[in-house]
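A short reminder: the numbers here are calculations on the coordinates, not readings from a lab. Worth saying up front: this structure is predicted, and the values here are computed from it rather than measured. Here the Cβ positions follow ideal geometry from the backbone for every residue, glycine too, while neighbour counts run over all protein chains shown.
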Amino acid sequence: MSLAVVQTRAKQGVLAPAVSVEVHLSNGLPAFHMVGLPETAVKESKDRVRSAILNSHFEFPARRITVNLAPAELPKEGSRFDLAIAIGILAASGQVPRDGLSHYEFIGELALSGELRPVEGALPSALGCATKGKQLIICRHNAAEAALVDRLIILPVDHLLEVSAHLHQMALLEPWQQQSPPSYPDNEQLNEVIGQQHAKRALELAASGGHHLLFYGPPGTGKTMLAGRLPGILPPLTNTEALEVAAIHSVAGKGLRNNIYSRPFRSPHHTTSAAALVGGGSIPRPGEISLAHCGVLFLDELPEFSRGVLEVLREPLESGEIMISRVAAQILYPANFQLAAAMNPCPCGYLGTQRCLCTPDQIGRYRNKISGPLMDRIDLQVKVNSIENHQLLNQHLPQQQTGESNQHIQQRVCAARKRQIDRQGKINSQLNSIELGEVCPLNKEQRELMNQAIDRFALSTRGFYRVLRVARSIADLAGLANPEVPHYQEALSYRPAVEAPDKA
């Protein structure tokens, strides 16, 4: 029988649906037909496979070859099916045994010489392979990424001949041995930022409860430095989170990150388009907000982003995911990121000083790029003032106290998050209104305070609940069962938006 079936996997967002490569050889004029909704890159595999088979000293069948990629309704794209197609042709022509093919899944791009090249999305494919209990034969350059999946036997290869030798039981492939990950020192300490204790306190609160954060103030006050050190005080990723993040980076073609347990930190330039931020393309790919999943998305010079780009953040900030719809596909990507942003109070940055020459119209246009609904979604809005002269000069004195290290702050953050997980099963920024009513019971004094605050700060319903979430995080950092009045007062101090222009 000139029929062989080989298992592989497609790429569909962060998923890897199973694909059966069915190869049939029949009599007739030599031809090579491929069916099953293949894209251009898949159709071109026939030429790569033919050259790889011939240059590996196999015989390419001079018969009518039909390759079916099932299920037929699933779009197939990329070069990841090359190895499976080649093995299917060799098995259908009797050049490799087909008895043991059902125990393996094959993924890899073939060079014309028969060598294997890496592909994108290896980690989701490995996750799918592990659920089926099969062994994965993959390019050696993808092996370290696929090895993040537990209980999966990975057989790395460099050439088509190695796969043939393994199937013939002549030279068995050695399973990949996962190496211990190297340690990466944290070189960006929060105590390197001079002064700004109020901003550092807000940064610790943001880390403890997963709150969105905005720094505003004059240029050169350390706003970018502060935001860049937020990942250093966040808890490390759990195994599940690390796999989710690695899978997104894999399908985006970013490869394996150096330290898979560190929180992602994405800082796109203000010229970034909306499609680059949320993802897109004819075949949707993840954007910056998905690459920042379980980590931090930092937008420096926030008003310099176009308003249309910033508006696309509103839904992901609430839902933690992004649905990208195109004619060819509709893909759901996770986007549970923590927003950190920085901005100046006016175009020149020196509002309220003699150096400022901005007109009220210029200031209004500058700030109007940030809509009210977007600003309302930012929990902590922190003014960063200029550094005092004595703080700047004393920093260079010998034996000057530099403040707490990231490790000490991270310990408090981890302890606060543990209280949140033990109490409610999620961090405070993910609590809904009903859950907030249970963990933030308001007594009479607190109700009066919040009643006055709603009018004074013009709090929306969303803003009211965000104040409760921040107060809950302040109490968790202090190790208290319920927030107290000072905690609500501190939470309210972070709510005022950027002050209005004071020019006539």
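The local environment of VAL296, defined by Cβ-Cβ distances under 13 Å, has a net charge of 0 under the rule Lys, Arg +1 and Asp, Glu -1.
Label sites at GLU73 and THR461, each approximated as a point 7 angstrom past Cα along Cα to Cβ, lie 3.9 nm apart. Measuring r between the beta carbons of ARG257 and HIS103 and using R0 = 30 Å, the FRET efficiency lands at 0.45.
Within straight-line reach of LYS200, meaning a Cα separation under 23 Å, sit the following lysines at least 8 residues removed in sequence or on another chain: LYS223, LYS383, LYS418. Each DSSP beta bridge with both residues in the chain is either parallel or antiparallel, and the antiparallel ones are about 45%.
The mean sequence distance of close C-alpha pairs (under 8 Å, at least 6 residues apart), as a share of the length of the stretch 276-399, puts its relative contact order at 26 percent. Ignoring lysines fewer than eight residues from LYS369 along the same chain, none have Cα atoms less than 16 angstrom from its Cα.
For LEU357 and ALA478, a Förster radius of 30 Å and the Cβ-Cβ distance give a FRET efficiency of 0.10, rounded to the nearest 0.05. Per residue, the average separation of C-alpha pairs within less than 8 Å and at least 6 apart gives the stretch 3-167 a relative contact order of 25 percent.
Cβ crowding within 10 Å ranks GLU44, GLU105, GLU204, GLU77 as GLU44, GLU77, GLU204, GLU105, fewest other Cβ atoms first.
The residues packed around GLU435, meaning those with a beta-carbon under 11 Å from its beta-carbon, carry a net charge of +3 if Lys and Arg are +1 and Asp and Glu are -1.
For the chain, what does the relative contact order come out to in percent, with C-alpha contacts under 8 Å and a separation of six or more? It comes to 13 percent, rounded to a whole number.
Simple spin-label estimate for LEU172 and SER433 gives 6.3 nm between the two label positions (7 Å along the Cα-to-Cβ direction from each Cα). In the set [x] 24.4; [y] 27.1; [z] 25.9, the label that goes with Kirkwood radius over Cα pairs in Å computed for this structure is [z]. Number of Lys-Lys pairs in the stretch 3-167 with C-alpha atoms under 22 Å apart and a separation of 8 or more places or on different chains: 9. Inter-label distance, SER20 to GLU188: 5.0 nm, where each label sits 7 Å from its Cα along the C-beta direction.
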